[in-house]
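Below is one structure, written out as structure tokens; the observations come after it.
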Amino acid sequence: MSAADVDTAVLGTGLPTHVREQITAVIDASGDLEQASPGSGALTVQVCSASDTSYDAATWSTLGTYRAADAATLAERLLDALGDSANIGTDLGVLIVTHTHTDTPEAPAMTAPTAHGADGTRAPAVPLLTLDLAKADALGEDFEWPQPGTAAALGTPNTLLHAALWDGAVSYDRRLWGELELSAEFTAPNRHEIQFVITYEIDGAPNIVDGDTTDYPAGFNELSDDEQNAVPSTLVPNPETARAWLTYLVDAFNALHASTDKLVRGWPQH
């Protein structure tokens, strides 16, 4: 099947009229490009509309799957037709052409932030994790706190987080996200740096990684290695309680999740 055989009705209704017309014209003139079955050596071409800060979920449109070379040719033709307003990006098996616009009557304002769930549905963006303080306090009473300064103490945030996920002190919408993988681990015994990782249950999604660093005192760089390692980490709550730890961790993961809003909202529907 050629590109000219594509039913242009698949174009998202949220695309501006002139953009729909330009895309349709490109498809109609691309009868030389052959579609292919998904798999190795093939790319699915998708288009969408976006503002400077977000994708519009209503405009995601799949034009078809082509051999990689033909997909690249189609994308180049779309870029030529759409001009400076267009950009191109790639994902696993997907080539994405994005039309950037400002909010005008022809290009309506962005919808509320949305995200793909494990079942392919979309929902308004909300904080990823929710903390139940009463359950956090109860967890803290039963939690086996390791001795400060021991190797086990390095795992406190990660161990506490997963204990909280297990007993419901920390929760998230599994209908939307499936089974998340979360980790919060110190990167050195002095606990001056911590790394957060979110792995979404979305096909092809990368790990989302960020971290936090202790507030180093003035003159820190002039200290010896032993003196630097002895500086108390401001990442560790004082006093070290389940409530304090989980409040910090939930805030950190929610901030990391929010920072991926554009990625999650615009995740290709394939």
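What the table below lists for this structure:
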quantity: Extreme residue, surrounded by the fewest Cβ atoms within 10 Å (Cβ to Cβ), among residues of the range 51-87 that are at pLDDT below 80 and under 16 Å from residue 18 (Cβ atoms); calculated: 84
quantity: Any hit, the range 196-206, residues being acidic (Asp, Glu), under 24 Å from residue 142 (Cβ atoms) and either at pLDDT below 90 or surrounded by fewer than 14 Cβ atoms within 10 Å (Cβ to Cβ) (or both); calculated: no
quantity: Residues located in the range 147-171, provided they are assigned to a loop (DSSP other than H, G, I, E, B) and modelled with pLDDT under 90; calculated: 147, 148, 149, 150
quantity: Residue check, residue 215 over 19 Å from residue 252 (Cα atoms), open to solvent by 50 Å² or more (accessible area, probe 1.4 Å) and either in contact (Cβ under 8 Å) with a residue 60 or more places away in the chain or over 22 Å from the mean Cα position of the chain (by Cα) (or both); calculated: no
quantity: Residue in the range 186-195 that is least open to solvent (accessible area, probe 1.4 Å), counting only those that are in a loop (DSSP other than H, G, I, E, B) and over 27 Å from residue 141 (Cβ atoms); calculated: 192
quantity: Residue count, the range 161-185 (criterion: under 13 Å from residue 139 (Cβ atoms) and either open to solvent by less than 20 Å² (accessible area, probe 1.4 Å) or hydroxyl-bearing (Ser, Thr, Tyr) (or both)); calculated: 5
quantity: In the range 207-218, residue modelled with the highest pLDDT [restricted to those that are assigned to a strand (DSSP E or B) and of a type in the set (Asp, Glu)]; calculated: 212
quantity: Helices (runs of 4 or more DSSP H) within the range 220-270 that include 3 or more residues at pLDDT 95 or above; calculated: 242-259
quantity: Contacts under 6 angstrom Cβ, first residue in the range 225-238 being small (Gly, Ala, Ser), partner open to solvent by 30 Å² or more (accessible area, probe 1.4 Å), 6 or more apart; calculated: 233/191
quantity: Residue within the range 191-210 that is under 18 Å from residue 145 (Cα atoms) and more than 25 Å from the chain's Cα centre (by Cα) present; calculated: yes
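Here is a yes/no grid of residues against (1) open to solvent by less than 20 Å² (accessible area, probe 1.4 Å); (2) modelled with pLDDT of 75 or more:
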residue	(1), (2)
39	no, no
45	yes, yes
89	no, no
122	no, no
134	no, yes
142	no, yes
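The values are calculated or read from the model by the stated rules, or taken from the named source; none is laboratory data. In this text, all values refer to a predicted model and were calculated from it rather than measured experimentally. Neighbour counts are summed over all protein chains in view; Cβ atoms, including those assigned to glycine, are modelled from backbone coordinates with ideal geometry. Heavy atoms of the whole protein, side chains included, go into the accessibility calculation; ligands, DNA and RNA do not. Shrake-Rupley method; radii C 1.70, N 1.55, O 1.52, S 1.80 Å.
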